[in-house]
Every structure is written in structure tokens, then in C-alpha cells.
Amino acid sequence: MVPYVLMTLCGAAYTLGDIAMKKWVTNPSIWPYLAGAFMYLVGMNFLAFSYLYRNIAVATAVCVIINIVSLTIISWVFFKEPLTVRQLAGIAVSMIAVLLLE
């Protein structure tokens, strides 16, 4: 249970960091940049602690896939970016990959 919580927190922190960096790109200010960098640091710490429980490849893959899936959903819902069939297929394949790695 603990490794999944850590990997989920890692993915969530990376997602928040990505959103902050997107804000920084569209509205250059030091604060979104610092917030994004801080969230990446937080995410990396969660990832590092997940290595205590899972193989490095599995932990990193799960963290990144959580980040990608959440970013895809957030960009579709909040930023009104289109969600293609190819992206949905990629998400499905990535989830299958995690199941095969476990």
C-alpha cells in the first residue's frame, strides 16, 4: 500500500509542477517557476522513497504514467485541449505496461 501512495503522490506533484510551469511559460513570473521547481523536487523525493519498496524501473514508470494520465485529463478538462483516439490508446497501453511490470 505504501509504495502506491508514494508513487501516486510523486505523479501528483509532477503534475502540479507541470501546471505551474505551463503558467510560467504563458505569464513569465518568477513565482510559477519557483512553485513548479519546488513541486518537481517534492515529486522526486516521493519517487526516491518509493524505491525502498519497488524496483526503480517499476516505480519510475508508475509515477510517470500517473503524471501523463492526469496531465492528459487536466489539459482536456481545464485547458480545452483536444483528446485524440491516439492519446487514449497510449494511456491504455501505458496502463497495460504497468500491469505487466508488476
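Strictly greater than 19 Å: what percent of every Cα pair in the chain meets that?
Roughly 47 percent, rounded to a whole number.
Give, rounded to the nearest 20 debye, the magnitude of the charge dipole that the chain has about its Cα centre when Lys and Arg contribute +1 at Cβ and Asp and Glu contribute -1 at Cβ.
160
Using alpha carbon centroids, what distance separates the range 75-102 and the range 44-63, in Å?
Using only Cα atoms, the two centres lie 20 Å from each other.
Counting helices only, and only those DSSP H runs with n ≥ 4, report the 222 nm mean residue ellipticity of the chain as the sum of -39,500 (n - 2.57) divided by its residues, in deg cm²/dmol to the nearest 500.
-29000 deg cm²/dmol
Where does each of 7-18, 90-101, 57-68 land if you order them by average Cβ count within 10 Å, highest first?
For the peptides 7-18, 90-101, 57-68, the packing ranking is 7-18, 57-68, 90-101.
Read-outs throughout are calculated quantities, based only on the coordinates presented, and are distinct from any laboratory measurement. Bear in mind that the values here come from a model prediction, so they are computed numbers and not experimental data. Ideal geometry is used to build each Cβ from the backbone, glycine not excepted, and the neighbour counts take in all protein chains shown.
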